[in-house]
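In what follows, a structure is listed as structure tokens, so that the remarks can point back to it.
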Amino acid sequence: MSKKPSAILQGTLDLMVLKTLEQLGPLHGYGIARRIEQVGQEDLVVNQGTVYLCLTRLVQKGWIGAEWRRSENNRRAKYYSLTDAGRGQLRAETENWERITGVMDRVLQPVGR
Amino acid sequence: MATFLRVAMARVRGFLRPGDGEHDFDEELEAHLAMATEDKIRQGLSPREARRRARIELGNLTQLREAGRETRGLPWIGSSWLDVKLGLRMLRKSWGLTLVAGLAMTVVIGLAAVASDVLAAFGGTDLPLDEGDRVVALEIRDLEASETLGASPRELERWSSEMRSLDDVGAFRTVERNLRRGESSEPGRPAEVVGVAEMSAAGFRLARVAPVLGRPILPDDQLPSADPVLVIGQEAWRSRFASDPEILGRRVRLDDTVHTIVGVMPEGFGFPVFHRFWTPLREGATSLAGADDLLVFARLGAGATIEQAQAELRGVGRVDRRWEAADAPAQEVALRVVPYATAFTGDVPPWMANLILVSFAVLLVPPCINVALLVYARTVTRQGEIAARCALGASRFHIVSQLFLEILVLAVVAGVIALGAARLVVRVIVADLEARGGSIPFWMEVGSSPRTALLVGVLAVVAALLAGAVPALQATGARMQLGLRSLGGQTPVRLGPVWTSMIVLQVACSFALLPTSVEMTWGTLRSGLLGPGFPAEEYVTARLETGAFGLAEGPAADPTDGAARIADRQAELVRRLTAEPTVASATLSSSVPSEEPWVRIETEEAEPTGGASPALEIGGDRVVRVNHVDEAFFDVFEVPRLTGRAFGPADFEPGGNAVLVNRSFVFDVLGGGNPLGRRIRYRSRDAEAAAAETRPDRWFEIVGVVADLEKHAGEQTVYHPAPPGHTPAVSLALRVRSDPTAAADALREVAWRLDPALRVSRVQTLDSIYRQHAVGNYVGAAGLVAATLSVLLLSAAGIYALMSFTVNRRRKEIGIRAALGARPWRLVAAIFGRAMGRIGLVALGGVAVALLVGYFVPVTDLGGWEVPGVIPSAAAFIGLVALLALLGPARRSLRVDPVQELREG
């Protein structure tokens, strides 16, 4: 049976973007999209364009900041970085995610193990 | 919350400056594509292929940009704006619906706006003064006649000294005076009649408004021995004295008394009502007519409530009237303390005002149902379009919103027009009031009530909900499936029984209401259009008030002496005027014809035929016009006597009880019977009635009948004989020989030479008075015509909708009949016969209702005029309108292509 890639869960893209920026520091949209693809390997399908919509939302919420800079290839690109509010939000979201996945793990565990 | 606010702010910024975000977003996507392409080239792809793959991975750019726009801005506003634009396009396309629905909504919302403006003006009780809500009026209310009586100086004195819960108790009366700017009483100096408030010094204390110059009236000014002083308003200072900085101490004449100006009150100050001139109310002074005419005002004392003041006033009581002590029956009166403005505008409780406004929302329902019907009909015919939009992903909510917005746009436009029309009507009313020498009280704001704008907005939304959303919900509900089928070219939709019944009801209403409406409109317009029926332009009228002659200014004055001198002045003036070459004849009456007051009377019924009982039978109350006229009146106006006798010299003696009535009185009040010897008496017992000897205990006998002076007005009038000097204020009418202006100049000159204290005001031709009245009537008639027209148009539109549905539903049948060779007129008869038959039945029902309305509600009682044959004419007219509405669908039915219909079948 072939393994079909999962569609991304609603709301989880925000968490992925925040985590990526925490791990890699300031990064442009293409970099963020590539990083999420790499991490997801073949298990996750991300439409790269939706990353930009997610970035717009996060900037509006004040969780990330944005500024235009020169990239390593001397190309003008918009770099995003985590703000303090974003760091706090990431912590809260991570805890929430771990709690949910813990619950899901317990629910999905085979009985008797 | 902070995050929500940040997002909201960012979105508002994005909405206001969409270009910035869009440019940024595009540049970012371009950078993304460039970086992705470079990566792929490095992986060995050709530049073209690399670019292609990069674009695929990024996604659909157009959709992405659209989603970006929605994320950055306020997309629902943008889409609503699109809906509004679409709504405007649809309204232009369905111009018939727009016209009919717009007119109906404008009429109802306009009426509501006028009502709201008037209520806002009359309903406010807070005066724009310091603690204005604590200013009160002390009223003497005649409970039987539901009238407010004036207070006497002795009552003022008693209340002022004994009421503990009130401060600054004072009173005023309004008098007219000839104002001359200078001490000289020589002829040639221009005089102007002005309204003066004779007011207690307490009025200025109560108002707590400081003069801009000088001082207000002080208690010492009220002493009988004090020098006469005058306080003027800033407007009068500017317009009459060119803002003279030396105004204080300047001496002016009010009638024959020299007054010294001692103060100027600031702009806008109009206490007690709309006054710009104030003189002291002398202690114990009675009015010249001997009537008690003071209005008492006060401020609630510290901590006192209006209820406490009311209780205290009842305890203190009032002073007996002079004429009450005679043989008059005792009056049942109540003493009331009311908010000051209420004494002038009447007591309109807030719940009643709100009820009136809510009733307009209810009034909006019938036209909205009609509009809803049309919208429904149109929505059903747009099933194909709606179904296509649903198929493309539009939700039902979105489609209903779209249809709601379409009607909301229309309702808002109707509301704006209605608001403008309401402002215009209110302005006309105010202009009319000012033309009659009146003004608006200082606390009233006319024409700019925010509540009215809010009401219009709410009514527009209600109208859009009723007429737009409801039919849209219905049309997009169960019928959506039919609509989907209609995509395939089928239109099997039909008008449900509810909607059909509504059309039928609407048509019935038209048949029932149109005759009454025509009679009401004709009654309103008739006198204006046909004119008075005599050469009104040859008459100059004026208000003539005889000055005080220094009499009746103190308690010791002898009113009999004053009355004799007034009579002498009036008679002499008439004598001198008739000697003028420009004047043919002159007459005195208490009112100008057509401006006589309406007074409630009751008639003594004729004895029952054959009955021997002499017992009185009192007929119902009627309201009629009353005038007191001199001997020359009917000759000057060339009013012929129809029956009975004219006034004889004995009738002019005190105690006479003869009256004349006009033709309309005989027909409308007495039912056309023999009027001679019949008796009438008055139901009104106010101060004016007492002074005019029309007290309720007196019976008057009809001794003759004259023709209607104004031939087309049909107003019932009673004429009393009144010798010169009957009242100090009378109307003078001159029949001029040639130029009315020369006669008017002669009038002023003769009056001035006779006595500088004779006040001549409102000099104008009778014709101009009639024209002023006609303007008001035209406004009323325009409203009536608009309402009738909208009902008629709605009916026609309803019939049109019904017939259009019939044609659509029976296309196949029409095709078969046409294919079998049916003649066109037979085809039309077959298709519409049943529906028209039903409408015909309904029309008969409507006509029956019209007959019943005509029988039970005499239109003449409501100001209408009976028009012979109005019911069949109106029915024929509506029938014609219905036939015209039928033309379009009939033509369409004849154009049905049999081949096409049979092929589709």
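The values are calculated or read from the model by the stated rules, or taken from the named source; none is laboratory data. Note that the coordinates shown come from a computational prediction; the quantities given were computed from them, not determined experimentally. Reconstructed Cβ throughout: ideal geometry from the backbone, glycine too, with neighbour counts over all protein chains shown. Each accessible area value is taken on the protein alone, full model and side chains, heavy atoms only, with ligands, DNA and RNA left out. Shrake-Rupley method; radii C 1.70, N 1.55, O 1.52, S 1.80 Å.
Against chain A, whose longest principal axis is taken from its Cα atoms, helix A:84-108 shows a tilt of about 20°. What aspartates and glutamates sit close enough to B:Lys85 to cross-link, taking a C-alpha to C-alpha distance under 16 Å and skipping anything fewer than 8 places away on the same chain? Answer for B:Lys85, where 16 Å is the Cα cut-off: B:Glu406, listed by chain and number. Amide H contacts under 5 Å for B:Val626: B:Val599, B:Val718, restricted to partners 5 or more places along the chain or on a different chain, H placed in the peptide plane at 1.01 Å from N.
Count the net charge of all other residues whose Cβ sits under 15 Å from the Cβ of B:Gln402, scoring Lys and Arg as +1 and Asp and Glu as -1. Residues near B:Gln402 contribute +4 overall.
What is the sum of charges around B:Pro535, taking Lys and Arg as +1, Asp and Glu as -1, for the other residues whose C-beta is under 11 Å from the C-beta of B:Pro535? Spelling it out: positives minus negatives among the neighbours equals -3. Across peptide A:47-60, the average count of Cβ atoms from other chains found within 10 Å of a residue's Cβ is 6. A dipole drawn for the range B:1-148 from +1 and -1 charges on Cβ atoms has a positive end, and of B:Pro128, B:Ala36, B:Thr71 the residue lying farthest that way is B:Ala36. The angle separating the long axis of helix B:365-381 from the principal Cα axis of greatest extent in chain B is about 20 degrees. Simple point charges give the picture: +1 on the Cβ of Lys and Arg, -1 on the Cβ of Asp and Glu, and for the range B:704-810 a dipole about the Cα centre of about 440 debye. Summing Cβ point charges (Lys, Arg +1; Asp, Glu -1) relative to the Cα centre of the protein assembly as shown gives a dipole of roughly 7640 debye. For the chain pair B and A, the interface hides roughly 2200 square angstrom of accessible area in total, found with a 1.4 Å probe.
Using a probe of 1.4 Å, the accessible surface attributed to B:Arg154 totals some 150 Å² when neighbouring protein chains are kept in position. Residues of the range A:21-42 buried by at least 50 Å² of accessible area upon assembly of all protein chains, compared with the chain on its own (1.4 Å probe): A:Tyr30. Calculated mean residue ellipticity at 222 nm for chain B: -17000 deg cm²/dmol, from DSSP H runs with n ≥ 4 weighted as -39500 (n - 2.57), summed, divided by the residue count and rounded to 500. Between the range B:764-834 and the range B:14-41, how far is it from one alpha carbon centroid to the other, in angstrom? When both Cα centres are located, 60 Å separates them.
Solvent-accessible surface of protein heavy atoms, probed at 1.4 angstrom with all chains present, puts B:Ile306, A:Ile100, B:Ile140 in the order A:Ile100, B:Ile306, B:Ile140, largest first. The fraction of all Cα pairs in chain B landing in successive 10 Å bins from 0 to the largest distance is 2, 9, 14, 17, 16, 13, 11, 8, 5, 3, 1, 1, 0, 0, given as whole percents. Ignoring aspartates and glutamates fewer than eight residues from A:Lys19 along the same chain, the ones with Cα atoms less than 20 angstrom from its Cα are A:Glu37, A:Glu42, A:Asp43, A:Glu67, A:Asp84, A:Glu93, A:Glu95, A:Glu98. Please give the solvent-accessible surface of B:Trp752 in Å², to the nearest 10, using a probe radius of 1.4 Å with every protein chain present. Its accessible surface works out to 20 Å², give or take rounding.
Backbone geometry of the range B:811-818 corresponds, through the Karplus equation with coefficients 6.51, -1.76 and 1.60 at θ = phi - 60°, to 3J(HN,Hα) couplings of 4, 5, 4, 4, x, 5, 4, 5 Hz, x marking Gly and Pro. The string of couplings for the range B:773-787 from the Karplus curve (6.51, -1.76, 1.60, θ = phi - 60°) is 5, 4, 4, x, 5, 4, 4, x, 5, 4, x, 5, 5, 4, 5 Hz, one whole number per residue in order, with x for Gly and Pro. In a reduced charge model with +1 at each Lys and Arg Cβ and -1 at each Asp and Glu Cβ, chain B shows a dipole moment near 6360 debye about its Cα centre. Note on A:65-78: average number of Cβ atoms from other chains within 10 Å of each residue's Cβ is 2. Size of the range B:71-121: Rg and Dmax of its alpha carbons, in Å, are 16.8, 48. Computed 3J(HN,Hα) for the range B:576-586, one whole-Hz value per residue from the Karplus formula 6.51 cos²θ - 1.76 cosθ + 1.60 where θ = phi - 60°, is 5, 5, 5, 7, 6, x, 7, 10, 7, 7, 9, glycine and proline marked x.
For B:Val193, the amide hydrogen comes within under 5 Å of the amide hydrogens of B:Leu179, counting only partners 5 or more places away or on other chains and with H modelled in the peptide plane. Taking all C-alpha pairs of the protein assembly as shown, those more than 48 Å from each other amount to 52 percent. When all protein chains stay in place and ligands, DNA and RNA are ignored, the 1.4 Å accessible-area order of B:Glu155, B:Glu49, largest first, is B:Glu49, B:Glu155. Summing charges over neighbours of B:Val504, with a neighbour being any other residue whose Cβ is under 15 Å away from its Cβ, gives +2 when K and R count +1 and D and E count -1. Can you list the residues of the range B:19-36 whose accessible area drops by at least 10 Å² going from the chain on its own to the full set of protein chains, with a 1.4 Å probe? Residues passing the criterion (a loss of at least 10 Å², heavy atoms only) are B:Asp24, B:Phe25, B:Glu27, B:Glu28, B:Leu29, B:Ala31, B:His32, B:Ala34, B:Met35, B:Ala36. Judged by the mean number of other Cβ atoms found within 10 Å, the most tightly packed of the peptides B:740-748, B:632-640 leads the ranking B:740-748, B:632-640. Structural size metrics of the range B:691-792, computed from C-alpha coordinates, are Rg and Dmax of 19.7, 62 Å. When the residues B:Leu91, B:Leu883 are ordered by accessible surface, computed with a 1.4 Å probe over the protein chains alone, the sequence from largest down reads B:Leu883, B:Leu91. Probing with 1.4 Å while keeping every protein chain in the model, the per residue accessible area of chain A equals 63 Å². To the nearest ten degrees, helix B:75-93 and the longest principal axis of the Cα atoms of chain B are 80 degrees apart.
Cβ-Cβ distance of B:Glu70 and B:Trp351, R₀ of 45 Å, FRET efficiency by 1/(1 + (r/R0)^6): the value works out to about 0.40. Close amide-amide hydrogen proximity is noted between B:Leu642 and B:Val705, B:Val706, B:Ala707, each under 5 Å apart and 5 or more residues distant or on a separate chain (H modeled in the peptide plane; Pro and chain starts excluded).
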